[in-house]
Every structure is written in structure tokens, then in C-alpha cells.
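Here is the structure we will look at, set down as C-alpha cells.
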Amino acid sequence: FTSPPPKFSDGSLVKALEEEGIGRPSTYAPIIQVLMSRSYIVRSSGRLIPTPRGHLVTTFLKHYFEEYVDYKYTSGMEERLDEVSNNQLDWTFLLGDFWQEFEPTVSDVLKIRNRDIIDKLDGILGEPLLAGLGVEGRRCPACGTGELGLKLSRYGGFVGCSD
């Protein structure tokens with residue numbers, strides 16, 4: 001069996017962001033703080049560990065907004081923002097250009113039923129989430145007949161039984 005890649009520490013995450021050309025020294029600590037305050041990651045034994053919520057949001061963004069969460073896209077946007085900061089590019093042009101490209105993607109995703117999105121995420125994340133909870137397979141350990149899967153409530157995603 002292969003082992004997963006090691007979890008980031010604050011320092012290794014900053015190094016990875018620097019190597020990808022993402023963020024600036026003044027933004028690294030706030031990036032980590034936002035990820036923690038939104039419960040996307042937790043700090044454990046000096047490592048940053050993704051939470052189930054973090055996995056869910058990451059999978060959603062990678063599946064439905066793949067281009068916009070790509071490292072190269074983010075790095076390119078950072079460069080364009082630097083051009084705005086240096087008065088080499090008009091910010092209204094940058095935002096207009098971005099929105100013209102981004103808005104159709106948002107509109108398309110908004111047309112997808114929530115249930116279809118949850119089913120897609122369950123197909124991608126269901127087994128790993130259950131394994132992380134110590135559950136083998138999808139059979140509900142409580143009732144023995146239902147199937148465990150990703151569900152959605154007004155409080156967010158959770159694993160629940162079909163029965």
C-alpha cells in the first residue's frame with residue numbers, strides 16, 4: 001500500500017504556496033487563519049489536517065470550478081493583481097475580464113440541483129469519508145439495512161443512513 005502525502009505544517013504550506021507563486025508574506029498567516037476559522041483544517045501535533053468539511057469544499061471546488069482553483073490560474077491572477085498594484089493594469093478591466101469568464105460557470109453550477117451535487121460528491125468522497133470514520137463499506141452499522149451516504153442539512157454535509 002502507498003501512504004498519503006505528509007500533512008502540511010504552517011511552514012511547509014507557506015513554502016508550497018511560495019513555490020506556486022500564490023500569496024505574499026503578509027497573506028500567509030491570514031490564509032491559514034481563515035481555513036481554520038471556517039473549520040476547513042485543524043492543527044494537530046504541528047500539522048494542518050483537513051476536516052471533513054475541508055474535504056467536501058475542496059472536492060466541490062475541484063469538480064465544479066476546476067480551472068479557478070488550479071495553482072497556475074491562482075498564480076496568474078496574483079501576477080495580474082500585482083500589475084494593478086503597480087498601476088500597470090486597471091482594476092476594473094481585471095475584474096470585468098474575470099467576471100465575464102467566471103459568471104457563466106457560476107450560472108451553470110447554480111442550475112444543478114443540490115441533490116445532484118451531493119450525489120456527485122458522495123460518489124467521490126463517500127468511501128474515503130466512511131473509512132475515515134472507521135466504517136467499512138456503506139452498510140449502516142446502526143440498522144444493518146440502510147446505506148450510508150453523504151447528506152445535506154441546513155448546517156452542512158454529514159454522513160447519514162438511507163433508512
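Overview of results
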{"item": "Which numbered condition LEU130 misses (of (1) modelled with pLDDT of 90 or more; (2) surrounded by 15 or more Cβ atoms within 10 Å (Cβ to Cβ); (3) part of a helix (DSSP H, G or I))", "result": "(1)"}
{"item": "Qualifying residue in the range 2-11 (condition: among the hydrophobic types (A, V, I, L, M, F, W, C) and closer than 21 Å to GLY156 by Cβ)", "result": "no"}
{"item": "Helices (runs of 4 or more DSSP H) fully within the range 1-119 counting 2 or more residues that are modelled with pLDDT under 95 and in contact with a helix residue (DSSP H, G or I) (Cβ under 9 Å, 6 or more places away or on another chain)", "result": "10-20, 25-37, 52-64, 71-85"}
{"item": "Count - residues of the range 6-30 that are of a type in the set (A, V, I, L, M, F, W, C) and surrounded by fewer than 14 Cβ atoms within 10 Å (Cβ to Cβ)", "result": "2"}
{"item": "Residue, farthest from GLY76 (Cα to Cα), within the range 31-47, restricted to residues that are touching a strand residue (DSSP E or B) at 6+ places or on another chain (Cβ under 6 Å) and either among the aromatic types (Phe, Trp, Tyr) or surrounded by 16 or more Cβ atoms within 10 Å (Cβ to Cβ) (or both)", "result": "ILE41"}
{"item": "Residues within the range 48-91 that are surrounded by fewer than 16 Cβ atoms within 10 Å (Cβ to Cβ) and in contact with a strand residue (DSSP E or B) (Cβ under 9 Å, 6 or more places away or on another chain), tallied", "result": "4"}
{"item": "Odd one out for PHE8, checked against (1) of a type outside the set (Gly, Ala, Ser); (2) touching a Gly at 6+ places or on another chain (Cβ under 7 Å); (3) over 23 Å from LEU150 (Cα atoms)", "result": "(2)"}
{"item": "All positions within the range 53-92 that are under 22 Å from ALA16 (Cα atoms) and either of a type in the set (Gly, Ala, Ser) or touching a Cys at 6+ places or on another chain (Cβ under 8 Å) (or both)", "result": "GLY54, SER75, GLY76"}
{"item": "GLY156 being loosely packed, with under 14 Cβ neighbours inside 10 Å, closer than 24 Å to LEU35 by Cα and in contact (Cβ under 8 Å) with a residue 60 or more places away in the chain", "result": "yes"}
{"item": "Evaluation of GLU136 against (1) in a helix (DSSP H, G or I); (2) exposed (fewer than 14 other Cβ atoms within 10 Å of the Cβ); (3) of a type in the set (D, E, K, R) (one fails), failing number", "result": "(1)"}
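The values are calculated or read from the model by the stated rules, or taken from the named source; none is laboratory data. Everything numeric in this text was worked out from a predicted model, so none of it was measured. Every residue, glycine as well, gets a Cβ built from its backbone with ideal geometry; the counts of neighbours run over all protein chains shown.
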